[in-house]
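A.B. asks: Below is one structure. I have some questions about it.
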Amino acid sequence: MKQKEADFRKRLLSTFKVEAQEHLKTISSGLIDLEKRPPAEMQSQIVETLFRATHSLKGAARAVNIPDIETVCQSLEAVFSLLKNGSIALSPEIFDTLYRTNDIFLKLLSSLEEGQALPEKGHISGIIQELSWIERGELRNIAAEDSVRPLKTPPAPQHPAAPAPHIGMETVRVSAAKLSSLLLEAEEMLSSKLIAGYLSANLRDITSMMNLLKKECAKVYLETLTEQGTLYQRGKEERRGKGRQVKGKGPGTKLHQFFEWSQTHIKSIEGSLAGLTVSTRQFNRSLGKMVDNLLDDMKKITMLPFSSLLEGFPLFVRNISHEQGKDIDLVVHGEVMEIDRRILEEMKDPLIHLIRNCVDHGIEKPEIREAANKPGKGIIKIDISQTDGGKVEIVVSDDGTGIDTAKVKETAVKNEILSKAEADGLSDQESLYLIFNSGFSTSPIITDISGRGIGLAIVREKVERLGGTISIETGINTGTSFRIVVPLSIATFRGVLVRAADQLFILPTLNVERVLRVKNDDIKTVENRETLELNGRAVSFVRLNSVLELPLKKGRGEGSRFTTVLVLCVAEKRIAFGVEEMLNEQEVIVKTLGNQLTRVRNIAGAALLGSGKAVPILNIHDLMKSAVKPAVSAREDTVYEEEVTGETKSILIAEDSITSRMLLKNILESAGYNVKTAVDGIDAITALKTQDFDLVVSDVEMPRMDGFDLTAKIRSDKKLTELPVVLVTVLERKEDREKGIEVGANAYIVKSSFNQSNLLEVVRRLI
């Protein structure tokens with residue numbers, strides 16, 4: 001009996017969570033719309049919707065006996081009731097409290113999962129107190145650290161599921177894992193379809209060969225019979241001339257018997273082949289139709305509207321923009337378009353990084369925008385649309401300051417990504433793509449929002465892994481647009497099958513701009529590099545086997561005056577690749593290489609052909625890099641040598657907490673650095689006067705001299721002015737971050753979001 005009650009309770013909670021997620025989504029989006037100050041009539045409708053959602057959530061919480069949610073709903077409902085009646089007016093402080101209330105709901109809902117901690121009772125009572133102050137018109141300006149902090153990242157998209165099934169319902173709830181497994185099995189059937197097509201083609205070839213054999217046998221038989229007849233007649237006449245009796249059967253008797261026997265069997269084989277060909281063709285057609293229909297249906301089941309990914313993004317933009325002292329709206333178009341759930345999941349991180357970049361680097365503060373005759377409120381847009389060829393285009397844009405290409409080149413030279421001469425030789429458009437290099441950042445300080453130079457590198461890697469592309473457009477004081485193109489589905493894609501060094505490879509059709517045959521004489525050498533002139537523009541030419549470090553067999557291509565060329569394009573970069581042969585373009589099934597081989601250079605995965613043969617899929621971006629490797633290999637080797645043979649870097653840690661001091665020391669020493677510690681700012685200054693260090697890691701709140709004063713002291717000393725300083729602290733208010741920038745810190749890491757890899761990445765970048 002108790003087990004039945006427990007099972008019922010579990011099902012009830014599951015249903016409640018689905019309902020609660022819907023109500024919280026309504027509340028969150030309603031607050032976003034309400035903060036935009038719509039017309040009075042629309043404002044009344046929004047408040048009414050918020051009131052009803054809160055009331056329904058309260059009732060549902062009461063039904064499943066969750067008093068914390070019910071109590072908070074009671075207080076929130078009272079606030080919305082006063083807003084309906086016009087008894088109170090909205091203000092920034094009220095909005096902050098309402099958003100924190102929504103965060104409390106999210107935390108309480110998450111705590112229903114096993115192993116998740118409940119929010120502290122002080123947070124719950126605190127938010128109820130704030131709501132009561134709103135009711136009485138006595139709202140106080142509560143510091144962020146005294147209440148629940150806004151969400152730092154958008155919550156994982158919660159896809160509404162259907163309620164628990166019962167008799168007569170048209171829908172059922174199925175776990176995402178089961179759907180993914182079912183889709184994978186359906187995709188595996190594509191192999192059977194390709195194999196059936198391959199066998200059908202083989203049968204056609206065999207039938208053609210049998211027809212040819214039949215014709216050749218008949219021809220040989222007639223020629224042989226004629227020749228034997230001539231010889232027989234000649235022998236017969238000779239024997240008669242000698243007076244001998246002519247005996248025996250006519251010419252070719254045995255040959256004729258064999259021919260008739262072979263023709264009979266050939267006809268029998270032809271009949272069998274014809275029947276088998278028809279059956280195979282019918283089976284291939286039927287199987288192909290079933291597989292295509294099944295896969296289409298499965299894809300439809302796993303397709304989700306883009307809006308399911310973006311549910312938490314308006315609140316995310318609102319929170320991080322307020323932290324930056326900026327006023328930003330998020331505008332989304334085309335969010336109803338459906339896309340493969342797996343692609344949605346992979347696109348979450350890239351979109352978060354791009355939006356962070358827009359907020360932190362793109363859009364200016366209101367006073368700066370107004371001084372430039374721009375609206376004080378900035379706009380971030382996400383436009384989603386479908387393109388030709390089963391692809392989806394996602395454009396993330398802002399109306400901010402744009403990207404200074406001169407500064408980008410300067411940073412690239414400073415970080416030794418390019419030489420000064422190479423940077424000067426880049427066009428403005430080409431220089432934009434330098435920002436996708438790992439470790440590249442033009443930010444003067446590293447924070448938990450941005451500045452590490454790894455965000456855009458992650459974006460490019462994720463997009464490339466999906467078989468997509470990313471491009472940039474920018475204008476000074478007009479803003480920046482990131483254009484991403486990814487497939488709607490990742491099960492199959494169109495690929496070009498080529499041969500190089502007697503091996504087969506597949507290149508994504510998306511990146512193949514054109515295929516052509518050129519005369520070998522048209523391949524010129526310019527500055528020790530082979531080039532082709534295409535449409536009046538010089539394009540670098542490389543041979544695919546050379547890039548893949550595969551030997552070209554002797555005799556291959558000898559005597560040919562032409563070379564087959566595929567022009568590959570990524571962003572604005574084009575390179576012509578010479579191959580031995582281009583066989584065809586076809587739909588291929590993508591197979592991953594497993595976790596152990598996720599980053600094999602130049603290889604993105606494998607594809608199965610109808611013959612069952614696995615063919616490598618080439619990573620276009622790696623291929624482009626490998627094609628120009630000889631030009632940069634010397635510099636890369638030099639850098640590596642410096643890293644290996646250079647002296648061990650020394651780091652000074654200033655931290656008053658023994659525990660934190662030992663933790664930081666252990667992390668840095670394990671990474672190979674020499675570490676010395678100081679108990680406060682005064683102790684650190686003394687150490688800096690007696691010993692040379694490559695970097696300082698400091699807490700902010702310390703006795704005698706805090707981290708801000710220590711940083712300012714370092715910057716005022718001519719000998720130490722260039723010494724990198726990293727502040728690691730619990731202080732995460734916007735004012736504290738700005739003070740860190742003002743005193744000259746190179747990085748500001750908040751301990752609440754601290755992790756070992758972040759610290760080491762920051763240290764590596766700075767020294």
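FYI, it's all coordinate maths here, none of it is from the lab. This one's a predicted model, so the numbers in the text were calculated from it and none came from an experiment. We place every Cβ from the backbone using ideal geometry, glycine too, and count neighbours over all the protein chains shown.
A.B. asks: Could you compute the FRET efficiency for ALA78 and GLU35, with r as their C-beta to C-beta distance and R0 at 22 Å, rounded to 0.05?
C.D. replies: 0.65
A.B. asks: I need TRP261, TRP133 ordered by Cβ neighbour count within 10 Å, fewest first.
C.D. replies: TRP261, TRP133
A.B. asks: Using amide H atoms built 1.01 Å from N in the peptide plane, name the residues 5+ places from ASP680, or on other chains, whose amide H lies under 5 Å from its own.
C.D. replies: GLU655
A.B. asks: Round to a whole angstrom and tell me the spacing of the C-alpha centers of region 701-726 and region 268-299.
C.D. replies: What the calculation gives is 76 Å, centre to centre.
A.B. asks: Here's something else I'd like to know. For the pairs LYS348/LYS391; LYS348/LYS573; LYS326/LYS374; LYS409/LYS573; LYS36/LYS734; LYS649/LYS751, flag any whose C-alpha to C-alpha distance is greater than 21 Å.
C.D. replies: The pairs that break the limit, which is 21 Å between Cα atoms, are LYS348/LYS573; LYS36/LYS734; LYS649/LYS751.
A.B. asks: Give me the distance in nm between label points sitting 7 Å out from Cα along the Cα-to-Cβ direction at ILE658 and ARG601, one decimal.
C.D. replies: Taking the simple label geometry, ILE658 and ARG601 are separated by 5.0 nm.
A.B. asks: Let me ask you something else. For a quick size check, give me the Cα extents of region 37-97 along its three principal axes, largest first, whole Å.
C.D. replies: Projected onto the principal axes, the Cα atoms of region 37-97 cover 38, 22, 16 Å.
A.B. asks: Sort 541-547, 698-704, 371-377 for me by packing, meaning the mean count of neighbouring Cβ atoms within 10 Å per residue, highest on top.
C.D. replies: 541-547, 698-704, 371-377
A.B. asks: In what sequence, highest mean first, do 515-523, 733-741 appear when ranked by Cβ atoms within 10 angstrom?
C.D. replies: So the order, starting with the most tightly packed, is 733-741, 515-523.
A.B. asks: On full extension of the chain, what length is gained from ARG537 through LEU766, given 0.36 nm per residue of separation minus the C-alpha to C-alpha distance?
C.D. replies: Gain in length upon complete extension: 78.4 nm.
A.B. asks: In nm, what is the difference between 0.36 nm times the number of residues separating ALA671 and GLU585 and their Cα-Cα distance?
C.D. replies: Stretched out fully, the ALA671 to GLU585 stretch lengthens by 26.1 nm.
A.B. asks: On the Cα set of region 497-552, report Rg and Dmax in Å, please.
C.D. replies: Every Cα atom of region 497-552 included, Rg and Dmax give 12.6, 33 Å.
A.B. asks: Find the all-direction average of the projected area of the Cα convex hull for region 309-487, expressing the result in square nanometres with one decimal place.
C.D. replies: Its Cα hull, projected and averaged over all orientations, spans 10.5 nm².
A.B. asks: For SER111 and VAL336, FRET efficiency with R0 = 45 Å and r from the beta-carbon atoms, rounded to 0.05?
C.D. replies: 0.85
A.B. asks: OK, next. So if I place +1 on the C-beta of Lys and Arg and -1 on the C-beta of Asp and Glu, and nothing else carries charge, what would the dipole magnitude of region 309-487 be about its Cα centre? I want it in debye, nearest 20.
C.D. replies: Its charge dipole is roughly 240 debye.
A.B. asks: With Kirkwood's inverse mean 1/r over C-alpha pairs for Rh, give me the Rg to Rh ratio of region 647-766, two decimals please.
C.D. replies: Rg/Rh: 0.92.
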